[in-house]
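Peer 1: One structure, pasted below without further comment.
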Amino acid sequence: MTGPASRARATLAALSLLCTALPGSAASAAEPFRVGAAVLEPVDLRLLAGFPGPDPVAALDAFRRTCAAPPVAMAAAVTGSAEDLAAACTRAAAIPPDGAGAFFTERFSAYRVVVPASGDAPEKRKGFLTGYFEPELDGAMEPGPGFTAPVLARPDDLVSFAPGETRPGLDPGLRAARQSGAGFEPYPDRAAIEDGALGARATPLLYLRDFVDLFVLQVQGSGRVRLPDGSAIRVLYDGRNGRPYTSIGKLIVQEGHLPLEGLTLARWTGWLRAHPDHARRLMRANAAYIFFKLSPIADPALGPPGAAGAALSPGRSLAVDANLWRYGLPFWLEGPLPGPPDTGRLVVAADTGSAIVGPARGDLYLGTGAEAGILAGNLRDAVGFVVLLPKPAGHAP
């Protein structure tokens, strides 16, 4: 392992490049650049074990797809120059398949995300990676026997806040509010919404089998719904009530109902259905509530659009903390991951999530259906995060 003195020298040698790529370029030249609580430690991509992986073309395809999406509003302090990333996107359009690996090596500079030692806390060179997926659920356009849980459309009084945006008089932690006259008030939480707080604004789009299926859909943020006539439709995220998310799996474990080891999606949803008295109480403890819209399925091989506006690529699209990282940035994940055996995976920041907080925290999109759900449920691993920042537009090859 490289010693602290060598890492400091490498950091200082890279400062001129970092100043053009990272926020905070006015910081003292003697200080390493930080993202949240982490320091970005320069890494030579040519010496990074396994890079760019066995299939860099898949990463290039995911990168191009994210590039093609319309720009979305992001917090002013996110890491990653929009101008330099746009230049890399322009260059990516002309790269042939056999040039995919060289494109990432030549157009980007790599930085390992490291949380330095502080007090009694040791240095952390690994972050935490989980997985998510697009569930396939049974549903119907009208309520009836076997279809009792309404999937609600976005209410017209819901006001969503951009990253970093707040409203006077509201808790800064709220990410949305209800417009009330000339001002704003907190939007009703899950329990209140289920009890009818939206009134006539509660507009069902379709109906799922039960509230457990609805809860799964809301946790994942989107899904495919099979209708009785055999057709399928995609249900997409269209806003949330802004309340904080609470993991139901964590609550189940804390109360001693199930052990953390082996807590898969199938296991905790099965437990909820077998214990309806506990199920509603635990689900209502999660104050967050998600609203949806319907969409046709354009390409069954791809997932729903992520927060970046691009269709998610199974195994290649990463949800990140959108208050820290710009969508479109490539990341190298150091460590064995689901799928073909490899020492790492080149992925692209294309989504976010309320539970994805911190510079070395990611959620990997793994596809659609039950098999992807199993992979996602089993992915809870410590991995290294290496971010690839685009080289300055005027200096990149």
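Peer 1: Can you name the residue in the range 51-70 that is out of contact with any Gly (no Cβ under 7 Å at 6 or more places or on another chain) and over 14 Å from PHE103 (Cβ atoms) and, of all such residues, is surrounded by the most Cβ atoms within 10 Å (Cβ to Cβ)?
Peer 2: ARG65
Peer 1: Something else about it: Yes or no: ARG267 touching a helix residue (DSSP H, G or I) at 6+ places or on another chain (Cβ under 6 Å), surrounded by fewer than 21 Cβ atoms within 10 Å (Cβ to Cβ), charged (D, E, K, R) and assigned by TED's automatic domain parsing to the domain that holds PRO188?
Peer 2: Numbers: touching a helix residue (DSSP H, G or I) at 6+ places or on another chain (Cβ under 6 Å): no; surrounded by fewer than 21 Cβ atoms within 10 Å (Cβ to Cβ): yes; charged (D, E, K, R): yes; assigned by TED's automatic domain parsing to the domain that holds PRO188: yes.
Criteria not met by ARG267.
Peer 1: Test HIS278 against the criterion of being in a loop (DSSP other than H, G, I, E, B) and either over 20 Å from GLY139 (Cα atoms) or assigned by TED's automatic domain parsing to the domain that holds LEU158 (or both), and give yes or no.
Peer 2: Judged against the criteria, HIS278 is not a match.
Peer 1: While we're on this one: Being closer than 15 Å to LEU214 by Cα and not hydroxyl-bearing (Ser, Thr, Tyr) is the filter here, so list the residues in the range 249-280 that pass it.
Peer 2: Within the range 249-280, the first condition is being closer than 15 Å to LEU214 by Cα, and the residues that meet it are 265-266, 268-270, 272-273, 276, 279-280.
Residues satisfying the conditions are LEU265, ALA266, TRP268, GLY270, LEU272, ARG273, PRO276, ALA279, ARG280.
Peer 1: Moving on. Can you pull out the residues in the range 87-120 that are without any contact (Cβ under 8 Å) to a residue 40 or more places away in the chain and surrounded by 13 or more Cβ atoms within 10 Å (Cβ to Cβ)?
Peer 2: Once the filter is applied, which keeps residues that are without any contact (Cβ under 8 Å) to a residue 40 or more places away in the chain and surrounded by 13 or more Cβ atoms within 10 Å (Cβ to Cβ), the range 87-120 yields ALA92, ILE95, GLY99, ALA102.
Peer 1: For ALA310, all conditions in the list (1) surrounded by 22 or more Cβ atoms within 10 Å (Cβ to Cβ); (2) closer than 23 Å to LYS250 by Cβ hold save one; what is the number of the exception?
Peer 2: (2)
Peer 1: Does GLY369 qualify as being more than 24 Å from PRO52 (Cα to Cα), buried (at least 21 other Cβ atoms within 10 Å of the Cβ) and not assigned by TED's automatic domain parsing to the domain that holds LEU217? Give the derivation first.
Peer 2: Working: more than 24 Å from PRO52 (Cα to Cα): yes; buried (at least 21 other Cβ atoms within 10 Å of the Cβ): no; not assigned by TED's automatic domain parsing to the domain that holds LEU217: yes.
No; evaluated as a whole, the condition is false for this residue.
Peer 1: Would it be correct to say that LEU388 is surrounded by 24 or more Cβ atoms within 10 Å (Cβ to Cβ), closer than 20 Å to ARG64 by Cα, among the aliphatic types (A, V, I, L, M) and in contact (Cβ under 8 Å) with a residue 24 or more places away in the chain?
Peer 2: Values: surrounded by 24 or more Cβ atoms within 10 Å (Cβ to Cβ): yes; closer than 20 Å to ARG64 by Cα: yes; among the aliphatic types (A, V, I, L, M): yes; in contact (Cβ under 8 Å) with a residue 24 or more places away in the chain: yes.
Answer is yes for this residue.
Peer 1: Among (1) touching a Ser or Thr at 6+ places or on another chain (Cβ under 9 Å); (2) modelled with pLDDT of 95 or more, which single condition is PRO300 missing?
Peer 2: (2)
Peer 1: Then there's this: Of all residues in the range 17-54, which are at positive phi and at pLDDT below 90?
Peer 2: Selection gives GLY24 alone.
Peer 1: Of the conditions (1) in contact with a Lys or Arg (Cβ under 8 Å, 6 or more places away or on another chain); (2) under 30 Å from PRO392 (Cα atoms), VAL113 fails just one. Which one is it?
Peer 2: Exception for VAL113: condition (1).
Peer 1: Moving on to the next point. Taking the range 92-143 only, how many residues are of a type in the set (Ser, Thr, Tyr) and modelled with pLDDT of 95 or more?
Peer 2: Residues of the range 92-143 that are of a type in the set (Ser, Thr, Tyr), as a first pass: 105, 109, 111, 118, 130, 132.
Right, trim to modelled with pLDDT of 95 or more and you get 105, 109, 111.
Summing the residues that are of a type in the set (Ser, Thr, Tyr) and modelled with pLDDT of 95 or more in the range 92-143 gives 3.
Peer 1: Can you tell me which of ARG190, ARG273 is touching a residue at least 12 places away in the same chain (Cβ under 8 Å), touching a helix residue (DSSP H, G or I) at 6+ places or on another chain (Cβ under 7 Å) and loosely packed, with under 15 Cβ neighbours inside 10 Å? Even if it seems obvious, please write down each step before you answer.
Peer 2: Working: ARG190 fails: loosely packed, with under 15 Cβ neighbours inside 10 Å.
Checking each option against the conditions leaves just ARG273.
Peer 1: Just to be sure I understand, how many residues within the range 33-42 are of a type outside the set (Phe, Trp, Tyr) and either touching a His at 6+ places or on another chain (Cβ under 7 Å) or buried (at least 21 other Cβ atoms within 10 Å of the Cβ) (or both)? Walk me through how you get there before you give the answer.
Peer 2: Start the filter on the range 33-42 by keeping residues that are of a type outside the set (Phe, Trp, Tyr), which leaves 34-42.
If we keep only those that are either touching a His at 6+ places or on another chain (Cβ under 7 Å) or buried (at least 21 other Cβ atoms within 10 Å of the Cβ) (or both) too, we end up with 35, 38, 40-41.
Going through the range 33-42 one residue at a time, the tally reaches 4.
Peer 1: Still on this structure: Counting only residues that are out of contact with any helix residue (DSSP H, G or I) (no Cβ under 9 Å at 6 or more places or on another chain), give me the strands (runs of 3 or more DSSP E) lying completely in the range 295-351 with at least 3 of them.
Peer 2: Values: elements: 317-319, 330-334, 344-351.
The strands (runs of 3 or more DSSP E) meeting that bar are 330-334.
Peer 1: Inside the range 327-343, can you point out the residues that are under 24 Å from SER109 (Cβ atoms) and surrounded by fewer than 21 Cβ atoms within 10 Å (Cβ to Cβ)? Working first, answer last.
Peer 2: We begin by selecting, within the range 327-343, every residue under 24 Å from SER109 (Cβ atoms); these are 327-335, 337, 342-343.
Within the range 327-343, GLY335, ASP342, THR343 meet the criteria.
The values are calculated or read from the model by the stated rules, or taken from the named source; none is laboratory data. In this text, all values refer to a predicted model and were calculated from it rather than measured experimentally. Positions of Cβ are backbone-derived with ideal geometry, glycine not excepted, and every protein chain shown enters the neighbour counts.
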